[in-house]
Each structure stands twice: as structure tokens, then as C-alpha cells.
Amino acid sequence: MDTAPITSAEKTEHEKNAYPLNDCLRLSFKKIPPFWPLKNLIAVNPLQGLEDLPIEEAFEMGALYFQQDHLPTPMQLINRESIKWLQVFFDEGQATIPMPLRKDGLYSAWRQLAIYDQKLHRNDKKSQEWLKKLPNNTEEAIANCLQRLEIKPSEIERFLTLMLTTLSGWSAYIKYRTQWSRLDGAYLYPISEIDYIAFRLIITCLLWPNAKDLLKWHSVGLDNNKLSQNTLEKIQVFESSYQIPLLKKLAAQSVKISHQPKAQLVFCIDVRSEPFRRALEKTGNYDTFGFAGFFGLPIELTNPVTGLSFASCPVLISPKHQVKESPCSNTGEVVHDDPCYQRMKTLKQIYQSLKYTFTTPLALVETLGIFCGAWMALRSFFPGVSYTLKTKMADLLGKHRATTLSFEDIPFSEQCHYAENALKMMGLTNNFAKLVVFCGHGSSTENNAYASSLDCGACGGRHGGNNARVLADILNQKTVKEALAVKGLFIPTDTYFIAAEHNTTTDEVILYGDTSFTLIQELQQDFEKARIINCATRVKKIIQHKKITRPKKHMFLRSQDWAQVRPEWGLAGNAAFIVGPRNLTESLDLEGRAFLHSYDWKQDYNGALLTNILTAPMVVAQWINTQYLFSTLDNVAFGGGNKITQNVTGKFAVMQGNASDLMTGLPFQSVYESHTQKYHQTLRLMTVVYAPCALINQIVNKQSILQKLFSNGWLSLVCMTPEDQHLYVLQRDLTWQNL
């Protein structure tokens, strides 16, 4: 390849015609959605960067950039060499030998090591010299590469975009690391978008001097458009078959005056909560509410003993307060140093070291092979027995120790503010029962890279029980109740708040706090009844062609089976987001397809509460909906591929095989029930709000994000008027039409 230095005259001419690099870089990365790592997978619209466009245009653009079936052969080589270096740079403990110099950042570390990579320079002396003389400044390096590749100023943005979209999974992870990872604690090895672009361009210069041909290849890509107008027409047919019957059923309901319940329970709006709520309501006189599973608390959870720290709130919100979770001794005292945990951590580190270091795995197998083989056989053939043994061992080692939460970092005035907002937003401001339960949720699975995708998206892909515990503890304080009473929110002194967590895989509910009260013990019994009812319903959906006589046990064993590719359906089937009182939907079987957010428009005089609902929980629900939609439409381009052929890379993402792009969507088994039959129905989210049109209109006109989503057709909005329960649909021009 030609690696002669750029002359002064050439450089001057290039600078004179150059398009601002930072603008090109920003516009290129704007098309890329972020991709969260496995520890806290967050659903994201894979075409999020194209939401400013009408959905018809976004579908075409998405196909053009993200659905490339056959990349040019040189580009495939560039990708393989890029992946090789990216794997070791971002590795979080899986690599046998860590990449040196990572603390200096991607570009700096790679530039110093690339001269030793024969697959890059191919022992060509000119290439080696060029690598050695690469500038420290990434902008200079990028300008140099663009000049060598003869990319015109008017072509720079598109070419940089192709550098990203031809390896879109890794680019999405870069987007997360550079723009979103602040919520998940500090990463040791810095990365910037410009570093990544420089890295990609330099490898391209080395391996494909004629990479300008990529622009020609891209120009003819529309001929193979997969997400065509025909696809949208099919989606609209699905939408009509689901939405119109649902709206007719809702319009026929009557909103009744609340009665005095035995207990009130607040669940996450997650679609999996809806059938469990319905099952629980069948067991007794219970009122259930729906609210975002972080319960309105923008907190970061830390554990001083383990050193773990993470945000437990939606990714659209930055945590403002730190809550400490500390283990307790048998006497209830806080433990500041847990020797059992430290011993287990040390043993695990030793085992991991022996397992991954290339000189010791054989000796490890020879030493522990018979024990590991016996344990593997037990886990494979008797998952229930292995769970029992594992639990007993963990109890002996003190792993399942009770914990206490300290929220001293939240000022008293803020505690009152969060409590008031949460109660008002969920419509629970009067007629309090003696028992109020805040129920978060999480899941339990084995050997599942996508485990966090089954947890609470409202809690940043974590379990929601701790948020429920904090809010319950806040509201149990006498001083908080007194402060709320001053503001006109009267909570009886004998009302007791307690936290719980619903395991969506097994339908088990765990209660936190003092459970000695008779009413709570009765609730525990009803939780178990609801579990049996809901497991029977769920097992019919997951095992359609076989009769299961003990559904509760079956669902539990699925959660413990490390060979199980589908422990539960997750949020598959999601289709609607309903905002209104529970008695609007309580007589309907919504089949676990609706997000249910409680709301009383009479308590929202200025629309602030509904604004929060539509701009936060609804937006997150739209992310979930589009992730499921596109993972079903094209599971290779937008999904996670087949679980059977996946491999975890660096402990933070999955690949197909050992050197593919990162798979950023949902696995095939999460959206398909067989190799040919889809389970998830491809349709866009429909939002139904029980409130006056004038109030909704006022909010939409003030919120640009809502105008963008509704006018561009990413989801639909229906108003159900409280005075006559008429239905009005928001058109793409943001006007209302009577349904």
C-alpha cells in the first residue's frame, strides 16, 4: 500500500475543503443506539438514532445501515482484526493475559502495540514505519487516514457512519461507554468516540487501501431493503387486530368508586405483573396499583462489604442519593466486615485464575474433574436437588444473610418529597388500608447470559426489592406521615408499609420486614395461591403442546435448569401502555401484554404527574416494545441470535461463535416459540390514557420527545375521556380524531 507522507500542499488543500470532524463524528454516532453490558441489560430501540425521522424513512435507513447481509470481503477482514483488539481492551477478567497499557486509553494503548501485529502490517516495512509514526493526536490521525483513503469532505460523515454500522454492536457498546456508563460506576480503561474512529480508520488504511469503494457498496444497498413498506403494512394489520378489540373492551368498562380493601399492593408496571395482580385479586379483597418499579427513588445502591455499587433507577434519570446495603449478624447488628464473603471471594478468584490461565486448566481438571463431573450431572438431571444442596451450603457460609438499608444520604425534606410524589402518581392518596405493600421484581435463572434482561428495567436492569424497601421504610416513619399530613395527604397512624419482591420466573413473592402480623401472614398464603394460579396460566403459554400436572414445580425447575434456553417469556407480547385507575382494567384479561400505570387525573391539577409518566415510564416501555419488535423482525441484525451457538466475550456481551459482532438484541428463543413460529407479535406500542383530551394535549404540545415519537409514528396515543369514555386517537399531525 502507498504509505508516503502527506505533503504540505496536500494537507493545506485538504484542510481547506474539510468538513468539521467533530460534527461528522457527532452525526455518525447519533445513528448508533447504546448497548448496555450483560450485568444490566437495558432494552433500547435499535433505531433510536433515527427516531427524528418518520418511521417509514427510519425503516429504510435502518435497513441501509444495519441490515448488511454481505459485507465486502476486505471489510470482513477489517472487522475481524478490530474485534480481536476490542475483545482484549474491554475484557473484564475473561482473557488469559490482560492487554497492556489499557489505562492509557484505546488509541494510545493500541498504537503502541499494533506495530507488533503482523496481521495488520503484514511485515511490510512502509506499513510498519507508518504505524510507528502515527501522531499522538487522534484528530490528526483521522485526517491523515481520510486523506489517504481519498474521502471527499462531503463524504466524511457517511464514511464514518459506515465505519460504525459495519460493526454496529461494538459501536453501540462504545456509545454506552462514552455517554451512559457514568451510571454504573467508573471503568478503569478510558475510551472516547474519536479514539474508536481513529482505531477503525487506521486498520482500514492498512488492510483496504481502496476502502472508498465502501461508499459505492452502500449506495446500492437500498435494492436489498428488508424493512420495506410491506413490512410496515404487516405490522399495521397486527396492530388493528389487537388494538381495536382492546379499545372496545376498555370503552365498555365503568370506573367504580373504590371500596375499603383488605390490603393495597403496588406492583411494577411490567407486563408480567398484570396476570399476577389479576391472580392475587381473585384470592381476596385486594386493591392493586401499577407504578414504575424504582418507586420514584433516584438512588444508587452500594454494599460496603462487597464493594459493589450500581444505579437503581431508570437510565433516563441520574441517581441523586446513595443507599447503603449492609449484611446483619444473627442479632441484627450491621456487619462491616464479612470474613465468609472475603473467603468465598478469594476462593473464587483462585478458581477463575486457574481456569483461565493457559498453564493450569489441565491440572485443574485432573484435580477437580471427578467432583465437577458429579456436580454437572446433578445440575443437569436433578436441578431441584442441586438447588437444595447449593442453598444449604450458601446458608452455612453465611451467603444468604439478612441485610439492612441505610438511606441517611436522603435529606428528610427529599424523603417527604419522594413519598408524596410516589403516592400521588399512583393515585394512592386516600382510603388507605391497614397494610400497603410495595412489590418490586426480579428473576432467577441459571447459566443465562441474559439474566438481567429479565429483571427490572425501571431499576436499571436490577432487582427492585431494595427500592421497595426504602420507600416502605420512609413511609413508616411517624415524622414523614406528619409532614405529609401538613400537605393534605393523611395516612392513618395504623397503616403499615412493607416491601416485597416478585420473582417473575417462579412467581414466588418474598416479603421484607416484620411479617408477624396476622394480616401479613394471610397475605403470604394468598401470594402462594396466586402463584399457583399464575404458574398454571404461564405454563400453558410456554409449554403449549404438553400437559403439565404440577405447573408451580415445573416453573421452579425451569429457573434452576442450566440447560434451559427459555426460563420464561420475559416481556414478549407487550403491546399496550394503559394509564388510569385499576378498576378500568380489573375485569379484563389483558394476557400479560399491557403495562399498567395507575393514575388519577383529578389529583393532577397541572398535568405534572402525567407528564412524568409519559416522558419516563412510557418512553422506557417504547424502548422495550421496539427491542422486541426488531429482534423478531430480524434476529440476526437486531437480535441476539441463537442461545445455543452464543459465547460470552469479556464477561460483558455475547457473540455468535468466537469472533462476531456483539449481539445487542434479544436472543431467538425470547421471541420465537420454534424455529419457524414467532411468539412475539410485531406491533408498535399503543398508549391509552384515561384523562381529559385537553390535559393530554397540553402535555404533548410542551414535550418535544412526545411530539417526535407520536408524529413520527413510533407509537400511538389514545385518549379515553372520563366524562363519557369516548375514544380519541392522536394523529400523526398531532390532531385528535374520534374513534
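The values are calculated or read from the model by the stated rules, or taken from the named source; none is laboratory data. Computed from a prediction, not measured in an experiment: that's the story for all the values here. Here the Cβ is made from the backbone with ideal geometry for all residues, glycine too, and neighbour counts use every protein chain on show.
Among residues of segment 711-724 being part of a loop (DSSP other than H, G, I, E, B) and hydrophobic (A, V, I, L, M, F, W, C), the one that is nearest to Ile578 (Cα to Cα) is Leu715.
Selection of segment 677-710 for residues being of a type in the set (S, T, N, Q), under 26 Å from the mean Cα position of the chain (by Cα) and assigned to a helix (DSSP H, G or I) yields Ser704, Gln707. A single member of Ala451, Ala530 is under 18 Å from Ser312 (Cα atoms) and buried (at least 19 other Cβ atoms within 10 Å of the Cβ), and it is Ala451.
Return yes or no: is Lys392 basic (Lys, Arg), in a helix (DSSP H, G or I) and surrounded by fewer than 16 Cβ atoms within 10 Å (Cβ to Cβ)? If you could, list the steps in order and put the result at the bottom.
Details: basic (Lys, Arg): yes; in a helix (DSSP H, G or I): yes; surrounded by fewer than 16 Cβ atoms within 10 Å (Cβ to Cβ): yes.
The answer is yes for Lys392.
It is to be established whether one or more residues within segment 221-236 are modelled with pLDDT under 95, part of a helix (DSSP H, G or I), out of contact with any Ser or Thr (no Cβ under 6 Å at 6 or more places or on another chain) and closer than 23 Å to Trp569 by Cβ. Scanning segment 221-236 turns up at least one residue that is modelled with pLDDT under 95, part of a helix (DSSP H, G or I), out of contact with any Ser or Thr (no Cβ under 6 Å at 6 or more places or on another chain) and closer than 23 Å to Trp569 by Cβ.
If only one of Asn738, Asn658 is without any contact (Cβ under 8 Å) to a residue 24 or more places away in the chain, touching a Phe, Trp or Tyr at 6+ places or on another chain (Cβ under 8 Å) and not aliphatic (A, V, I, L, M), which one is it? Only one candidate qualifies: Asn738.
Looking at segment 95-151, which of the residues that are within 34 Å of the chain's Cα centre (by Cα), farther than 25 Å from Asp213 by Cα and of a type in the set (Ser, Thr, Tyr) is surrounded by the most Cβ atoms within 10 Å (Cβ to Cβ)? Give the steps one after another, and end with the answer.
Restricting attention to segment 95-151, the residues satisfying the condition of being within 34 Å of the chain's Cα centre (by Cα) are 95-111, 138-139, 142.
Those still in the list that are farther than 25 Å from Asp213 by Cα too: 95-111.
Restricting the remaining residues to those that are of a type in the set (Ser, Thr, Tyr) gives 96, 107-108.
On the way: Thr96: 13, Tyr107: 23, Ser108: 16.
The selected residue is Tyr107.
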